[in-house]
Amino acid sequence: MADIIQLLPDHVANQIAAGEVVQRPASVVKELLENAIDAGASQIKLIVKDAGKTLIQVIDDGKGMSATDARLSFERHATSKIRTAEDLFSLHTKGFRGEALASIAAIAHVELKTKQDQDELGTQITIEGSEVVSQDLTVTPKGTAIAVKNLFFNIPARRNFLKSNTVELRHIIDEFHRVALVHHSIAFIMYHNGSELFNLPTSNYRQRIVNVFGGKTNEKLVPVNEATEVLKISGFVGKPQFAKKSRTEQFFFVNDRFIKSAYLNHAINSAFEGLVKDGSHPSYFLNLQVDPKSIDINIHPTKTEIKFDDEHTLYAILRSSVKHSLGQFNIAPVLDFESDANLETPYDFKNKTAAMPHVEVDRSFNPFLDEQVSKGSSSSGYKKEPVGQWESLYVGLESKGTRVNQSFSELQLESDDELQSMFDNEPSETASRSTYQFQNKYIISAIKSGMLIVDQNRAHQRILYEGLLKSMTIKEATSQQLLFPLELHFSITETNILKQLKEDLEHTGFIFSEFTEDKISITGVPVNVPHSEVSIILEQLISDVEQEVPDSNFSAVDLLAKSMAKSLAIKSGQSLTFMEQEHLVNSLFACKEPNMSPANRIAFITMGVEELDKKFM
Ligand code: ADP
Ligand code: MG
């Protein structure tokens, strides 16, 4: 049989390699920024159009390339950064695989202009799908400018696979952050579609973090510094009370390279244990310096995962130094911060004068009264239950007194015909107590054919969700005016997300008096939304938009309704009065789709008498 093995032509090999290196526009941004840093640039400009789908350009003032090097740089495995395999263990550059430019040039139109300081003229090369179209002498400043146009022009499948511009830009900004944060002595500017998104002058690390994430970040940072033989840690963690719903402010850099490590992340989480709420993530911006010999960076083409020789020790040191910093901060917060009196004050109390504490004593309270009675009527007995959420039960109900107050017998469930007749026709006996709360989580109720078990959190999410959707659709939400405007601060990226949803937020009842890059003032909130919840709602919303990776078919209104319902709904663990329980069940069955929570989880189950009977056999 004839020999059948052939060497792949270079352009095919490059395209295959590109599949690993270039997943999306953001990967190109990362590679180009890293090359500029390796070239010793002190200023780097990133210009992006249409979330990188049309243009990604990086201009640096680094050392540039000779004409021969410029041509060679597009060859595969062509690198100036390592010469021998041993060099892999003493890396001081970002790149070393010599694949990036070859890969990018295989799948895009690339224009390179570069000049070394000592040269009179520079070199200009145009290359399309691995083919050199032209190479000329050119007048250009010292440094390198690379423009990458029409990414994936020759791989339509990959191009179609790209997400919406919002999502792709989000990825680009993430990569930009990862490079710009740790290289704070380099100045960065980023433009998207002609407008400046970031302008980061040379600065120290703290200032860089603040410039990236917004002015209010400064007060949130707690410094972490530790030097041991194996590991040097420097950087910051966020104060626990500023922990976020999303993980967008979590950064590990190892020898100035952004890395992902679930293991080290765990070390931080364990240092924060007991200080942050479940589901919140502490911010951190930590630089780890280790001996290059003790890590292996070459385990992943994008180099974001690395292997440490002695992970356990790193874990222990990291955990204890973060703990130490947090401890110091608790004892002496003024040591490290210029404290801002406003910062520690909850929004509700800002600018208000202090009033004498008011003690409410119910003189008619009789502890020997039947508990049920005292619970049922709110005028007698201590208000044991937190009643704050009680009002929000009404949010989204058509109108009090109509469907809401129907007894079970009149409820219609469209999804399940059998259920229609399952409720007792005679409410008389059950009227006194038709529901029971179990484990502060489920509401149990007797129905004609057996038992109904409602998940209180999911049910309430459904009720709120339908109500919110409705008020957004008919654009008729009622707002409650705030006595003092609420001032909230977000990073630029976060404000951009909120800006997209501003109109829909207004339809839920929010009123904004100011909406600038790093400050949002709110003068009205939806009825029944407590002030204290507002920042949590908006944070949750930002995090949901970021995580749900909204696509072209994503509906802002729907996401907003889901997110707000999630924030506002009664949680499991919250005890409810009898009235609240009953109201919740009634309201659930007044919904269009009571069966499921907005996130499509089952909201209630039923158990028939026969099923129960069987269990007793
Ligand atoms: P690597 O960075 O892994 O070496 P690349 O394909 O990214 O591989 O780049 C190939 C080579 O081209 C680099 O080793 C470097 O010598 C040169 N090069 C790339 N970008 C620049 C730049 N912005 N300035 C100067 N030289 C560059
Ligand atoms: Mg490189």
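The values are calculated or read from the model by the stated rules, or taken from the named source; none is laboratory data. Quantities reported herein were computed from a predicted structural model and do not represent experimental measurements. Note that we place each Cβ from the backbone using ideal geometry, even for glycine, and neighbour counts take in every protein chain shown.
Could you tell me how many of the residues in segment 133-173 are within 16 Å of ligand 1 (Cβ to nearest atom) and either assigned to a helix (DSSP H, G or I) or over 14 Å from Lys53 (Cβ atoms) (or both)?
Looking only at that region, the number is 9.
For Pro485, indicate whether it is modelled with pLDDT of 85 or more, more than 23 Å from the chain's Cα centre (by Cα) and farther than 15 Å from Ala565 by Cα. Quick ask: steps written out before the conclusion?
Values: modelled with pLDDT of 85 or more: yes; more than 23 Å from the chain's Cα centre (by Cα): yes; farther than 15 Å from Ala565 by Cα: yes.
Answer is yes for this residue.
Tell me whether segment 54-67 contains one or more residues that are surrounded by fewer than 19 Cβ atoms within 10 Å (Cβ to Cβ), β-branched (Val, Ile, Thr), more than 8 Å from ligand 1 (Cβ to nearest atom) and over 25 Å from the mean Cα position of the chain (by Cα).
Yes - at least one qualifying residue is present in segment 54-67.
Anything in segment 186-206 that is in contact with a helix residue (DSSP H, G or I) (Cβ under 7 Å, 6 or more places away or on another chain), without any contact (Cβ under 8 Å) to a residue 24 or more places away in the chain and either among the aliphatic types (A, V, I, L, M) or in a strand (DSSP E or B) (or both)? List them, or say none.
Scanning segment 186-206 gives a single hit, Leu200.
Residue-wise test of (1) assigned by TED's automatic domain parsing to the domain that holds Ile186; (2) within 14 Å of ligand 2 (Cβ to nearest atom); (3) not hydroxyl-bearing (Ser, Thr, Tyr).
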position	(1), (2), (3)
Ile5	no, no, yes
Lys30	yes, yes, yes
Ala36	yes, yes, yes
Ala39	yes, yes, yes
Ser42	yes, no, no
Lys45	yes, no, yes
Leu55	yes, no, yes
Val58	yes, yes, yes
Ala67	yes, no, yes
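Checking the condition farther than 29 Å from Ser203 by Cβ and within 11 Å of ligand 1 (Cβ to nearest atom), which residue from Glu20, Glu75 passes?
On the way: Glu20 fails: within 11 Å of ligand 1 (Cβ to nearest atom).
After applying the criteria, what remains is Glu75.
Just name the residue that is nearest to Ile37 (Cα to Cα) out of those in segment 140-156 that are within 32 Å of the chain's Cα centre (by Cα) and crowded, with 19+ Cβ neighbours inside 10 Å.
Narrowing segment 140-156 to residues within 32 Å of the chain's Cα centre (by Cα): 146-153, 155-156.
Cutting the leftovers down to crowded, with 19+ Cβ neighbours inside 10 Å gives us 146, 148, 151-152.
Numbers: Ile146: 14, Val148: 18, Leu151: 23, Phe152: 25 Å.
Ranking the qualifying residues of segment 140-156, first place goes to Ile146.
Residues to consider are Ser567, Ser521, Ser535, Ser555; find the one that is under 23 Å from the mean Cα position of the chain (by Cα), free of Cβ contacts under 8 Å to residues at least 12 places away in the same chain and in the same structural domain as Ile492 (by TED's automatic domain parsing). Spell out how you get there, then give the answer.
Working: Ser567 fails: free of Cβ contacts under 8 Å to residues at least 12 places away in the same chain; Ser521 fails: free of Cβ contacts under 8 Å to residues at least 12 places away in the same chain; Ser535 fails: free of Cβ contacts under 8 Å to residues at least 12 places away in the same chain.
Residue meeting the stated conditions: Ser555.
Taking into account only those residues within segment 592-603 that are buried (at least 21 other Cβ atoms within 10 Å of the Cβ) and of a type outside the set (A, V, I, L, M), which is farthest from Val557 (Cα to Cα)? Break it down into steps so the answer makes sense when it comes.
Start the filter on segment 592-603 by keeping residues that are buried (at least 21 other Cβ atoms within 10 Å of the Cβ), which leaves 594, 597-598, 603.
Applying the additional criterion that residues be of a type outside the set (A, V, I, L, M) yields 594, 597-598.
Values: Pro594: 20, Ser597: 16, Pro598: 13 Å.
Applying the filter and picking the extreme gives Pro594.
Say whether the condition of being touching a strand residue (DSSP E or B) at 6+ places or on another chain (Cβ under 9 Å) and either within 16 Å of ligand 2 (Cβ to nearest atom) or of a type in the set (D, E, K, R) (or both) is met by at least one residue in segment 154-168.
No; the residues of segment 154-168 include none that is touching a strand residue (DSSP E or B) at 6+ places or on another chain (Cβ under 9 Å) and either within 16 Å of ligand 2 (Cβ to nearest atom) or of a type in the set (D, E, K, R) (or both).
Go through (1) under 25 Å from Ile295 (Cβ atoms); (2) among the hydroxyl-bearing types (Ser, Thr, Tyr); (3) near ligand 1 (Cβ under 10 Å from one of its atoms); (4) crowded, with 17+ Cβ neighbours inside 10 Å for Ser80 and report which single condition fails.
Of everything listed in (1) under 25 Å from Ile295 (Cβ atoms); (2) among the hydroxyl-bearing types (Ser, Thr, Tyr); (3) near ligand 1 (Cβ under 10 Å from one of its atoms); (4) crowded, with 17+ Cβ neighbours inside 10 Å, Ser80 misses just condition (4).
Which is free of Cβ contacts under 8 Å to residues at least 60 places away in the same chain and on the phi < 0 side of the Ramachandran plot, of Leu486, Leu482, Leu468?
On inspection, the qualifying residue turns out to be Leu482.
Which of the residues that make up segment 99-115 are near ligand 1 (Cβ under 9 Å from one of its atoms) and closer than 16 Å to Ala36 by Cβ?
Across segment 99-115, the qualifying residues are Ala100, Leu101, Ile104, Leu112, Thr114.
Listed residues Leu464, Leu483; which is buried (at least 16 other Cβ atoms within 10 Å of the Cβ) and out of contact with any strand residue (DSSP E or B) (no Cβ under 6 Å at 6 or more places or on another chain)? Break it down stepwise before answering.
Values: Leu483 fails: buried (at least 16 other Cβ atoms within 10 Å of the Cβ).
Going through Leu464, Leu483 in turn, the sole match is Leu464.
Across segment 15-26, what is the total count of residues that are crowded, with 24+ Cβ neighbours inside 10 Å and either polar (S, T, N, Q) or within 13 Å of ligand 2 (Cβ to nearest atom) (or both)?
The number of residues fulfilling the criteria is 1.
For segment 168-186, does any single residue satisfy the condition of being under 25 Å from the mean Cα position of the chain (by Cα), more than 19 Å from Glu249 (Cβ to Cβ), modelled with pLDDT under 95 and not aromatic (Phe, Trp, Tyr)? It would help to see each step written out before you state the result.
Quick first cut of segment 168-186, residues under 25 Å from the mean Cα position of the chain (by Cα) only: 168-184.
Those still in the list that are more than 19 Å from Glu249 (Cβ to Cβ) too: 168.
Subsequent filtering for residues that are modelled with pLDDT under 95 retains 168.
Narrowing further to those that are not aromatic (Phe, Trp, Tyr): 168.
Within segment 168-186, one or more residues are under 25 Å from the mean Cα position of the chain (by Cα), more than 19 Å from Glu249 (Cβ to Cβ), modelled with pLDDT under 95 and not aromatic (Phe, Trp, Tyr).
Check Lys115 against each of (1) buried (at least 22 other Cβ atoms within 10 Å of the Cβ); (2) over 21 Å from Ile47 (Cα atoms); (3) more than 15 Å from ligand 2 (Cβ to nearest atom) and name the one condition it does not meet.
(2)
Given the residues Phe515, Phe616, which is the only one that is in contact with a Leu (Cβ under 9 Å, 6 or more places away or on another chain), without any contact (Cβ under 8 Å) to a residue 40 or more places away in the chain, surrounded by fewer than 19 Cβ atoms within 10 Å (Cβ to Cβ) and not assigned by TED's automatic domain parsing to the domain that holds Gly279? Quick ask: steps written out before the conclusion?
Values: Phe616 fails: in contact with a Leu (Cβ under 9 Å, 6 or more places away or on another chain).
Among Phe515, Phe616, only Phe515 is in contact with a Leu (Cβ under 9 Å, 6 or more places away or on another chain), without any contact (Cβ under 8 Å) to a residue 40 or more places away in the chain, surrounded by fewer than 19 Cβ atoms within 10 Å (Cβ to Cβ) and not assigned by TED's automatic domain parsing to the domain that holds Gly279.
What number of residues within segment 81-101 are more than 10 Å from ligand 2 (Cβ to nearest atom), farther than 19 Å from Val182 by Cβ and in contact (Cβ under 8 Å) with a residue 24 or more places away in the chain? Working first, answer last.
First, pick out the residues of segment 81-101 that are more than 10 Å from ligand 2 (Cβ to nearest atom): 82-92.
Now narrow it down to the ones that are farther than 19 Å from Val182 by Cβ: 82-90.
Narrowing further to those that are in contact (Cβ under 8 Å) with a residue 24 or more places away in the chain: 88-90.
Number of matching residues: 3.
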